[in-house]
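**Student:** The structure that follows is given in the form of structure tokens.
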């Protein structure tokens, strides 16, 4: 399934790259995941002017997952039926939940990431903790620490890698870079230990997992065109101890990307909207009177449990 996907990532800024500083708020970013043979993305995200925009094609995502599990055809058919029912009944949501309806239908919605963070904290998940104390991955590193961390990774690669000229193809010069994943991973972790306090526990723990990399040689094909890096190609299966076969991955680079703009007509999706949609479904399907739930109480309900016979409903009275 992964081999049939195409991932694109782009950054833009109204300043030259050399003038962009840490914390600069003028940049924009976009992320798209699509099938190789399709123009419409499965998922697309844009970050513009400190706002996050997202849209997803739920039906296409479900179809992609179904194709990858041919042996579970009965389960896949049931899931498809539930999704079709959800898409049809989304139109019956009240106007106050238009953002939820739009998200289900694949329209653009905008998210205020801070409001979702605050919503999570209101449940006590992060109460009594601070980002610095826990070494949150979202904390910004000071420029000096960033430089030291990158230098540690660069040195680990250069100390253990072998380089070989691979000739030219399609106007690009190719170089094969080969290194043992486990050896490089161990050296990176050792080099970062003096920076543990600055990196924070959570970030350092992420790096520590590199020591568990498979004891395999990984070869990366580096393509250079017109003096600039144009592509990196490697077998991602080499990074998994249990993987069998190959999983070729190519990462392409190109400059001059189009300006990234905020999509027109995006509605704001708030955490309360998601709670409201869930409660609306429960109130209508739970026999408590009022307006009939657009998600029904029959066996075809995609929510299952008391709303459709399946997994336990998280909003049932027994909770």
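The values are calculated or read from the model by the stated rules, or taken from the named source; none is laboratory data. Fair warning: this is a prediction, and the values are worked out from it, not measured in the lab. Glycine also receives a Cβ, built like all others from the backbone with ideal geometry; neighbour counts cover every protein chain displayed.
**Student:** Going by the structure shown, is residue 144 more than 19 Å from residue 205 (Cα to Cα) and more than 30 Å from the chain's Cα centre (by Cα)? First the steps, then the outcome.
**Tutor:** Working: more than 19 Å from residue 205 (Cα to Cα): yes; more than 30 Å from the chain's Cα centre (by Cα): no.
Spelling it out, it is not the case that residue 144 is more than 19 Å from residue 205 (Cα to Cα) and more than 30 Å from the chain's Cα centre (by Cα).
Every residue, every condition in (1) outside the structural domain of residue 25 (by TED's automatic domain parsing); (2) modelled with pLDDT of 90 or more; (3) touching a strand residue (DSSP E or B) at 6+ places or on another chain (Cβ under 8 Å); (4) within 21 Å of residue 246 (Cβ to Cβ), yes or no:
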site: 145; (1), (2), (3), (4): yes, no, no, no
site: 155; (1), (2), (3), (4): yes, yes, no, no
site: 160; (1), (2), (3), (4): yes, yes, yes, no
site: 167; (1), (2), (3), (4): yes, yes, yes, no
site: 175; (1), (2), (3), (4): yes, yes, yes, yes
site: 182; (1), (2), (3), (4): yes, yes, no, yes
site: 192; (1), (2), (3), (4): yes, yes, no, no
site: 201; (1), (2), (3), (4): yes, no, no, no
site: 221; (1), (2), (3), (4): yes, yes, yes, yes
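**Student:** How many residues are in contact (Cβ under 8 Å) with a residue 40 or more places away in the chain and not in a loop (DSSP other than H, G, I, E, B) when one looks only at region 170-183?
**Tutor:** Summing the residues that are in contact (Cβ under 8 Å) with a residue 40 or more places away in the chain and not in a loop (DSSP other than H, G, I, E, B) in region 170-183 gives 8.
**Student:** Same structure again: Looking only at region 237-262, count every residue that is surrounded by 12 or more Cβ atoms within 10 Å (Cβ to Cβ), without any contact (Cβ under 8 Å) to a residue 24 or more places away in the chain, touching a strand residue (DSSP E or B) at 6+ places or on another chain (Cβ under 8 Å) and within 17 Å of residue 217 (Cβ to Cβ) and tell me the total.
**Tutor:** 1
**Student:** Considering region 184-204 alone, what residues qualify as being surrounded by fewer than 17 Cβ atoms within 10 Å (Cβ to Cβ) and touching a residue at least 40 places away in the same chain (Cβ under 8 Å)?
**Tutor:** Of everything in region 184-204, those that are surrounded by fewer than 17 Cβ atoms within 10 Å (Cβ to Cβ) and touching a residue at least 40 places away in the same chain (Cβ under 8 Å) turn out to be 201, 202.
**Student:** All but one of (1) farther than 21 Å from residue 250 by Cβ; (2) part of a strand (DSSP E or B) hold for residue 209; which doesn't?
**Tutor:** (2)
**Student:** Let me ask another. Answer with yes or no whether residue 86 is closer than 21 Å to residue 269 by Cβ and at pLDDT below 90. Explain how you work it out, then say what you get.
**Tutor:** Details: closer than 21 Å to residue 269 by Cβ: yes; at pLDDT below 90: yes.
Yes; evaluated as a whole, the condition is true for this residue.
**Student:** Still on this model: Just a yes or no: is a residue in region 3-26 surrounded by 11 or more Cβ atoms within 10 Å (Cβ to Cβ), modelled with pLDDT of 85 or more and under 14 Å from the mean Cα position of the chain (by Cα)?
**Tutor:** no
**Student:** Follow-up question, since we're still on this one. If we keep just the residues of region 107-132 that are modelled with pLDDT under 90 and under 20 Å from the mean Cα position of the chain (by Cα), which is surrounded by the most Cβ atoms within 10 Å (Cβ to Cβ)? Before you say what the answer is, go through the steps one by one.
**Tutor:** The initial filter retains those residues of region 107-132 that are modelled with pLDDT under 90, namely 111-132.
After this cut, where a residue has to be under 20 Å from the mean Cα position of the chain (by Cα) as well, the list is 111-117, 120.
On the way: 111: 19, 112: 16, 113: 12, 114: 9, 115: 14, 116: 15, 117: 14, 120: 12.
By that ranking, first place goes to 111.
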